[in-house]
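Asks: I'd like to ask some things about the structure below.
The values are calculated or read from the model by the stated rules, or taken from the named source; none is laboratory data. From a predicted model like this one, the values you see are computed outputs, not experimental measurements. Methodologically, a virtual Cβ is constructed for each residue, glycine included, from the backbone with ideal geometry; neighbour enumeration extends over all protein chains shown.
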Amino acid sequence: MRSSEKWGVDVDTAVNLALKDLKLTRDEVEIEVLEESSSGFLGIGSKLARVRVTAKEDKNSNVKEKATFDDIDAILASLPENSAQTLPDEVRAEYDKFEAEEREDARAREKANAKSRRKDRDNRKSRKYSLSVEDTMLYEVKKLDPVEGHPVEQFLRDIADKMGVDLEFSVKAGEELVFVEITGKDTGTIIGKRGATLDAVQCLASYVVNKENGKYTRVILDAENYRSKREKTLVNLANRLAGKVERTKKSVTLEPMNPYERKVIHCTLQNHPKVKTRSEGKDPYRKVIIELK
């Protein structure tokens, strides 16, 4: 039962593997070629040779022996695709041309994608909403006339004296609005942190103006153009938070604001195609909510 079947890149390799396995020489065996080898094209479609080598005293045996791991490693190592290939110049030229075209296509795609991303980014940046001219504080104030001896002026002077601050007051008034411009060395004190003191004094001034009035008159106090600056800040805030609502699909609730500041948020986003605004709560804790339409 001395027989061995082996594979190899060619018949001789397979035979040598079988002889090594049987520990015999060619004179001591009979060789039967079961399959011829084929190299294919450039290693593609290659086919191994298979032989059966039988010791002459056991040539009628039908027992087949399995290839060892060493045999398999030797076969795999000798395969054409596992060895260096020398491509013809015309084939190499075609490969190089194909690779160059692929690289060029990749660069073109990346350039187009980058341009598209820049365009989208620019569109997002340019899609800003603002107050109409009629909704700005400055527009309303321009329609007012200067007034001397207005009751709110004396009230504010009394407050300034009690606070020990150096301030001057200029009043402009109309039928529905009283505007007071505050100047002097201590305007920072009257504004307070984030306009809190200015809002508080404005609320008191509103009580003074409207306590005996049959018709409500709005009162606005300003110092160092704080209201205009705050107006711009609120417009930017409204746009930024509207963008956040668009991206996250979640509503945003702002901090409590006075009626005028809430109006700035509402008016800024009133024409926005994706979001809407509403107010919730009671003054002085009433808040604006920005949400998807």
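Asks: Taking only pairs six or more apart or across chains, which ones have beta-carbon atoms under 6 Å, a first residue in the stretch 1-26 that is more than 10 Å from residue 53 (Cβ to Cβ) and free of Cβ contacts under 8 Å to residues at least 12 places away in the same chain, and a second residue that is among the small types (Gly, Ala, Ser) and outside any strand (DSSP E or B)?
Replies: none
Asks: Follow-up. Does residue 153 satisfy the criteria of being in contact with a Lys or Arg (Cβ under 7 Å, 6 or more places away or on another chain), farther than 14 Å from residue 260 by Cβ and not in a strand (DSSP E or B)? Working first, answer last.
Replies: Working: in contact with a Lys or Arg (Cβ under 7 Å, 6 or more places away or on another chain): no; farther than 14 Å from residue 260 by Cβ: yes; not in a strand (DSSP E or B): yes.
So residue 153 does not fit the description; no.
Asks: In addition: Take residue 191 and decide whether it is assigned by TED's automatic domain parsing to the domain that holds residue 156, touching a Ser or Thr at 6+ places or on another chain (Cβ under 8 Å) and in contact (Cβ under 8 Å) with a residue 24 or more places away in the chain. Step through it out loud before you land on a result.
Replies: Numbers: assigned by TED's automatic domain parsing to the domain that holds residue 156: yes; touching a Ser or Thr at 6+ places or on another chain (Cβ under 8 Å): yes; in contact (Cβ under 8 Å) with a residue 24 or more places away in the chain: yes.
So residue 191 passes the test.
Asks: For the stretch 238-276, enumerate the residues that are farther than 21 Å from residue 228 by Cβ, free of Cβ contacts under 8 Å to residues at least 24 places away in the same chain and not basic (Lys, Arg).
Replies: Of everything in the stretch 238-276, those that are farther than 21 Å from residue 228 by Cβ, free of Cβ contacts under 8 Å to residues at least 24 places away in the same chain and not basic (Lys, Arg) turn out to be 248, 273.
Asks: Out of the stretch 154-186, which residues are among the charged types (D, E, K, R) and surrounded by fewer than 17 Cβ atoms within 10 Å (Cβ to Cβ)? Don't jump to the end; show me each part of the working.
Replies: Within the stretch 154-186, the subset among the charged types (D, E, K, R) is 157-158, 161-162, 166, 168, 172, 175-176, 181, 185-186.
Within the stretch 154-186, 157, 158, 161, 162, 166, 168, 175, 176, 185, 186 qualify.
Asks: Determine which member of the set 131, 138 is touching a helix residue (DSSP H, G or I) at 6+ places or on another chain (Cβ under 6 Å), at pLDDT below 85 and closer than 30 Å to residue 276 by Cα.
Replies: On the way: 138 fails: touching a helix residue (DSSP H, G or I) at 6+ places or on another chain (Cβ under 6 Å).
Unique residue meeting the criteria: 131.
Asks: If I ask for residues that are under 13 Å from residue 241 (Cα atoms) and in contact with a helix residue (DSSP H, G or I) (Cβ under 9 Å, 6 or more places away or on another chain), which ones from the stretch 267-281 would you list? Step through it out loud before you land on a result.
Replies: Step one: filter the stretch 267-281 for residues under 13 Å from residue 241 (Cα atoms), giving 268-269, 272, 274-277.
Residues satisfying the conditions are 268, 269, 272, 274, 275, 277.
Asks: Being out of contact with any Phe, Trp or Tyr (no Cβ under 9 Å at 6 or more places or on another chain) and either among the hydrophobic types (A, V, I, L, M, F, W, C) or farther than 30 Å from residue 169 by Cα (or both) narrows it down to one of 221, 237, so name that one.
Replies: Numbers: 221 fails: out of contact with any Phe, Trp or Tyr (no Cβ under 9 Å at 6 or more places or on another chain).
So the residue among 221, 237 that is out of contact with any Phe, Trp or Tyr (no Cβ under 9 Å at 6 or more places or on another chain) and either among the hydrophobic types (A, V, I, L, M, F, W, C) or farther than 30 Å from residue 169 by Cα (or both) is 237.
Asks: A further question on this structure: Filter the stretch 219-275 for residues that are hydroxyl-bearing (Ser, Thr, Tyr) and within 24 Å of the chain's Cα centre (by Cα); which is nearest to residue 181 (Cα to Cα)?
Replies: Of the stretch 219-275, the ones hydroxyl-bearing (Ser, Thr, Tyr) are 226, 228, 233, 248, 251, 253, 260, 268.
Still in the running and within 24 Å of the chain's Cα centre (by Cα): 248, 251, 253.
Working: 248: 41, 251: 36, 253: 31 Å.
That would be 253.
Asks: Okay, next question. Looking at the stretch 7-33 only, could you name the residues that are in a strand (DSSP E or B), of a type outside the set (Val, Ile, Thr) and modelled with pLDDT of 90 or more? Steps first, please.
Replies: Step one: filter the stretch 7-33 for residues in a strand (DSSP E or B), giving 7-8, 29-33.
Filter once more, so that each one left must be of a type outside the set (Val, Ile, Thr): 7-8, 30, 32.
Within the stretch 7-33, 30, 32 meet the criteria.
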